[in-house]
Amino acid sequence: MSWFKETFGSSIGRKFAMALSALFLIIFLLQHLIINLTSVFSEETFNSLSHFMGTNPVVQFALQPVLIIGVIFHFVMGFILEIRNKNAREVKYAKNEGGANSSWMSRNMIWSGLFILFFLGFHFADFWIPEIIHKYIEVHPDDPNRYYAETVHMFENPIRVGIYTLSFVFLALHLKHGFQSAFQSMGARHSKYTPMIKKIGDAYSIVVPALYIFIAVYHHFTQAI
Amino acid sequence: MSTANGLNLTLKVWRQKNNKDKGKLESYQVTDISPDSSFLEMMDILNEQLIDEGQDPVAFDHDCREGICGTCSMYINGEAHGPGRGITTCQLHMREFKNGDTIYIEPWRAKAFPVLKDLVVDRSGFDRIMAAGGFISVNTSGNTQDANNIPIPKLEADKAFDAATCIGCGACVASCKNASAMLFVSAKVSQFALLPQGRPEAAERVQNMVKQMDEEGFGNCSNTGACEVECPKGISLENIARMNREYLSASFKAEEA
Ligand code: HEM
Ligand code: SF4
Ligand code: FES
């Protein structure tokens, strides 16, 4: 297995792994969004999808651990790369014009990433841990219709809606650079397809976070009335 | 006597006696610099002045003074080779600056490019990367065969030629927030990988060159694209994607030795 260690220990291999984990997260975010969106249209669909996701053993004990490992891998590797990259320049420039040749997003992936990580920690404590307690520790009788009311209730709190909104703005910044960067890191670049990948990335990085924000804001205002 | 359009400038130049010295920025005044002079000519004027005053002149690398050798490494006002695109420092002219400007002049900053003196850095890391695989082991000159024996699509030939225009200046490393050498190494990998003569050793070459690049202490690529913008030869990021492909496929496909 030494080739494996050597490949994934190299600068290019690390970025390849980073890109793979990122693409996995991009697909996950889309799936999560589609389920969330149903809460705007149909209480019934949202409840049945949530019940399925929350109780199906394949989702709970196969997909969920993969997701957790994927997230952890992504941000831990993000930190490792950041530290190695910082070490590659020990003395800083007295004057440096980063903006002259690159985008803010591309130079600050660690900061947008850290903000997303803060959100994930919040989301974990706010939603996930109560779910685990509800399902596996306190063991309430199975109520397939509890999800909608619980979710909508979450967005009553304007602070929570504010945190959601800000976090998804940072996700947008992270993905504005990250989406196309992941393809470049894997060597997937072609004069025919790359312009399209960049357009899809731009669309994804705006539309997906905007819809997450929309859902939070929508539930906040529709229930207040 | 100052001429009508002569420039009076404040220079903040990095001075460092040797590799061990901590170094610091020193301020100097130069007066009546012709806008038509090149940046290095302005540096010559500064050095004449320093010599007249009995001070140590600023050490900086330069050789061809026509954008070919790649030695004139200076980080000017926060950009490799200063403002302007597709040029080296020796191709930068003083007309890019205004009277009264303050100009910061620093060496390339990278752990893999230690400062030797003032603005001179040690770029032998690039040489060691080349020695690790940036060559073709058989003699390809002097025994020329009929060109039609090795047909090469024009587009591929052009891309190989474009990659081969890299002059090894290190502006890519200097500009990169991670001090990554990916643009340089990818240009050198590509110039061979794109041509049939380079293919037999392509897998081994890319693996060895990337390994050496990592050992030298250059950073990873974050795909910011700063290198491509600052590169005096317009080396494309396409080369980095090609090197990623070459490296990954070589690593996954190669037989265990
Ligand atoms: C769950 C949401 C997240 C998604 C969808 C995501 C997506 C991405 C994508 C697509 C890339 C580009 C990969 C490449 O260039 O190869 C990337 C890079 C990066 N991500 Fe994330 N990310 C997420 C969360 C995080 C978190 C929580 C951190 C933690 C700090 C983080 C830190 C980074 C860093 C530092 C990079 C840049 C690596 C480099 O270019 O050297 N990301 N991310
Ligand atoms: S790729 Fe461009 S910037 Fe980098 S060493 Fe070659 S010529 Fe210089
Ligand atoms: S002195 Fe040769 S490129 Fe500038």
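The values are calculated or read from the model by the stated rules, or taken from the named source; none is laboratory data. Not measured: the values here are computed from a predicted model. Every residue, glycine among them, receives a Cβ derived from its backbone with ideal geometry; neighbour counts consider all protein chains shown. The accessibility values were calculated without ligands, DNA or RNA, using every heavy atom of the protein model including side chains. Shrake-Rupley method; radii C 1.70, N 1.55, O 1.52, S 1.80 Å.
Points worth noting:
- Over the protein assembly as shown, the ratio between the Cα radius of gyration and 2.2 N^0.38 Å evaluates to 1.20.
- The angle between the Cα long axis of helix B:182-193 and the main principal axis of chain B comes to about 40°, on a 0 to 90 degree scale.
- Calculated accessible area for segment B:7-117 comes out at 45 Å² per residue, all protein chains present (probe 1.4 Å; ligands, DNA, RNA ignored).
- Compactness index (Cα Rg / 2.2 N^0.38 Å), segment B:1-44: 1.45
- Gaussian network model of chain A, Cα within-10 Å springs - most flexible of A:PHE41, A:PHE28, A:PHE168: A:PHE41
- Cβ neighbours within 10 Å from other chains - mean over B:166-179: 3
- Backbone geometry of segment B:24-41 corresponds, through the Karplus equation with coefficients 6.51, -1.76 and 1.60 at θ = phi - 60°, to 3J(HN,Hα) couplings of 7, 7, 10, 9, 9, 10, 10, 10, 6, 7, 5, x, 7, 6, 7, 4, 5, 5 Hz, x marking Gly and Pro.
- Estimated translational D of segment A:96-166 in µm²/s (Stokes, Kirkwood radius over Cα pairs; 37 °C; 0.692 mPa s): 216
- Interface size, chains A and B: roughly 3600 Å² of accessible area buried, both sides included, 1.4 Å probe, rounded to the nearest 100.
- Portion, in percent, of the accessible area of the protein assembly as shown that falls on carbon or sulfur, probe 1.4 Å: 61
- Principal-axis analysis of the Cα atoms of chain B puts helix B:154-164 at an angle of about 50° to the longest axis.
- Net charge contributed by nearby residues that have their C-beta within less than 11 Å of A:LYS198 (K/R +1, D/E -1): +2
- Sequence-separation-based contact order of chain A, relative, with Cα cut under 8 Å and 6+ spacing, percent: 31
- Cα shape, segment A:1-120, gyration tensor, a/c 1.5 rule: oblate
- Span-like helix ranges in chain A, DSSP H, alpha carbon extent 24 angstrom or more, Kyte mean at least -0.5: A:11-41, A:64-87, A:158-185, A:194-224
- Built amide H within the under 5 Å cut-off of B:ARG15, gap 5+: B:LYS24, B:LEU25, B:GLU26
- Taken over the C-alpha atoms, chain B has Rg and Dmax values of 20.8, 73 angstrom.
- Convex hull of alpha carbon positions in chain A: directionally averaged projected area 16.5 nm².
- Counting only protein heavy atoms and a 1.4 Å probe, segment B:123-253 has 41 square angstrom of accessible area per residue.
- Between the Cα long axis of helix B:202-216 and the first principal axis of chain B there is an angle of about 40°, rounded to the nearest 10.
- Per residue, the accessible area of segment A:81-127 comes to 56 Å² when a 1.4 Å probe rolls over the protein heavy atoms.
- Against the compact-protein benchmark of 2.2 N^0.38 Å, the Cα-based radius of gyration of segment B:123-253 scales to 1.04.
- Listed peptides A:112-122, B:182-192 by packing density, highest first (mean Cβ within 10 Å): B:182-192, A:112-122
- 3J(HN,Hα) along segment B:51-57, derived from phi through the Karplus expression 6.51 cos²θ - 1.76 cosθ + 1.60 where θ = phi - 60°, amounts to 5, 4, 7, x, 9, 6, x Hz, with x in place of Gly and Pro.
- Here segment B:7-117 is treated as an ellipsoid with the same Cα gyration tensor; its semi-axes, largest first and in whole Å, are 20, 18, 13.
- Filter on A:LYS15/A:LYS95; A:LYS198/B:LYS211; A:LYS92/A:LYS192; B:LYS17/B:LYS177 - keep pairs with C-alpha separation over 32 Å: A:LYS92/A:LYS192
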